[in-house]
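The block underneath contains the structure these notes are about, expressed in structure tokens.
The values are calculated or read from the model by the stated rules, or taken from the named source; none is laboratory data. Keep in mind that what you see is a predicted model, and the values were worked out from it rather than measured. Ideal geometry is used to build each Cβ from the backbone, glycine not excepted, and the neighbour counts take in all protein chains shown. SASA here: full protein model, heavy atoms, side chains in, ligands and nucleic acids out. Shrake-Rupley method; radii C 1.70, N 1.55, O 1.52, S 1.80 Å.
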Amino acid sequence: MTSQMARQVTPQGSPMAPVPYRVTRSRAETADTVTLTLEPVAAAIPEPAPGQFTMMYAFGVGEVPISVSRTGPVLEQTVRAVGAVTRAVCGTRPGQVLGLRGPFGTGWELDSARGRDLVIAAGGIGLAPLRPVVLRALADRDAFGRIAVLIGVRTPDDLLFTGELDEWRARGAQVEVTADRPAPGWTGHVGLITSLAGAADVDPARAVAFVCGPEVMMRVTAEAFIGLGTPAADVRLSLERNMRCGLGWCGHCQLGPLLICRDGPVVPYERAVPLMTVREL
């Protein structure tokens with residue numbers, strides 16, 4: 001058994017067996033998105049690294065890949081209701097049980113950016129898998145240079161983790177938010193997230209960029225950072241495809257030479273860009 005497979009085997013012994021987790025809290029983020037706090041009913045899955053995901057099972061409904069939005073002693077996952085399974089997951093109440101498999105995939109490898117400036121760019125729910133990067137970096141603040149968190153949303157009502165943004169600022173991060181379509185009373189930036197790239201208070205040449213969101217947003221945002229002087233090798237993207245098994249067995253998430261559940265979701269910009277024009281079937 002490889003070390004990768006060993007990490008993915010559940011306490012029950014099979015990588016396909018979901019581990020029961022009880023929902024201890026359900027917090028509404030937006031009209032269609034919730035953050036679930038989860039604790040194991042018995043044995044736990046291995047602790048996910050920032051950027052990894054789990055396969056989350058709603059018993060009697062189905063399974064879906066969900067990014068981890070907080071790692072460590074407290075496990076949180078942020079879910080947007082877009083289909084039958086995610087609607088069932090979002091409707092789970094404290095005390096009810098879901099199944100988890102994993103963790104799966106590649107992480108952001110934040111430790112490799114120690115001593116560097118960080119630019120964290122999120123589009124919409126793409127902030128969820130980037131939140132662990134922010135929290136880890138702020139918890140080890142002296143290990144990194146300047147930290148800029150850039151967030152783009154369609155409307156202000158789509159903004160996640162609104163209760164945390166001021167805390168991130170107070171702990172030393174620059175946090176900028178822009179909305180494509182401002183609502184009445186909105187006093188923040190208006191426009192695409194690329195309009196914030198030049199406002200990041202970092203040295204582009206010594207920055208590492210972490211980008212997650214819709215693919216078009218990731219591509220143009222990455223290009224904006226590279227245009228400002230961030231080396232392409234230091235730009236990391238998180239890809240999304242139709243993942244079914246999480247183990248690279250079923251092939252549903254194949255993108256060119258990559259199986260996104262195994263070789264991603266976090267992929268270097270230079271490897272991701274030639275593949276991002278391939279449409280998902």
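Which one of L165, L150, L100 has its Cα pushed farthest toward the positive end of the charge dipole of the chain, where Lys and Arg give +1 and Asp and Glu give -1 at the Cβ?
L100
Can you tell which of V220, C261, S238 lies farthest toward the positive end of the dipole of the range 206-267, using +1 and -1 charges on the Cβ of basic and acidic side chains (Lys, Arg; Asp, Glu)?
C261
Suppose all protein chains stay in the model; what accessible area per residue would a 1.4 Å probe give for the range 3-104, in Å²?
41
Let's see if you can work this out: charge +1 on each Lys and Arg Cβ, -1 on each Asp and Glu Cβ, no other charges. What is the dipole magnitude of the range 3-104 about its Cα centre, in debye to the nearest 20?
The calculated dipole for the range 3-104 is roughly 100 debye.
Just the number please: accessible area per residue for the range 110-276, 1.4 Å probe, all protein chains included, in Å².
41
Could you work out the helix-only [θ] at 222 nm for the chain, with each DSSP H run of four or more residues adding -39,500 (n - 2.57) and the total divided by the number of residues, to the nearest 500 deg cm²/dmol?
Rounded to the nearest 500, it is -5000 deg cm²/dmol.
Putting +1 on Lys and Arg Cβ atoms and -1 on Asp and Glu Cβ atoms, find which of P73, F59, L118 reaches farthest to the positive end of the dipole of the chain.
F59
Once neighbouring chains are kept in place and the probe is 1.4 Å, which whole percent of the accessible area of the chain is contributed by carbon and sulfur?
With neighbouring chains kept in place, the figure for the chain is 52 percent.
Could you give the size of the charge dipole of the range 136-184 about its Cα centre, using +1 on the Cβ of each K and R and -1 on the Cβ of each D and E, expressed in debye and rounded to the nearest 20?
Rounded to the nearest 20 debye, it is 140 debye.
Here are some values of Cα Rg over 2.2 N^0.38 Å: (1) 1.16; (2) 1.04; (3) 0.97. Which one was computed from this structure?
(3)
How large is the Kirkwood hydrodynamic radius of the range 3-104, in angstrom, based on all distinct alpha carbon pairs?
Across the range 3-104, the inverse of the average 1/r is 13.4 Å.
Taking just the alpha-carbon atoms of the range 110-276, what radius of gyration and Dmax come out, in angstrom?
15.8, 50
Would you mind checking the tilt of helix 127-139 against the longest principal axis of the Cα atoms of the chain, expressed as 0 to 90 degrees and rounded to 10?
Value to nearest ten degrees: 70.
Would you mind working out the magnitude of the charge dipole of the chain relative to its Cα centre, with +1 at each Lys and Arg C-beta and -1 at each Asp and Glu C-beta, to the nearest 20 Debye?
560
Tally the DSSP beta bridges in the range 103-237 and give the antiparallel ones as a percent, rounded to 5.
Counting only bridges with both partners in the range 103-237, antiparallel ones make up about 0 percent.
Once both axes come from the Cα atoms, what is the angle between helix 215-228 and the longest principal axis of the chain, in degrees from 0 to 90, rounded to 10?
Taking Cα atoms only, the helix is inclined about 40 degrees.
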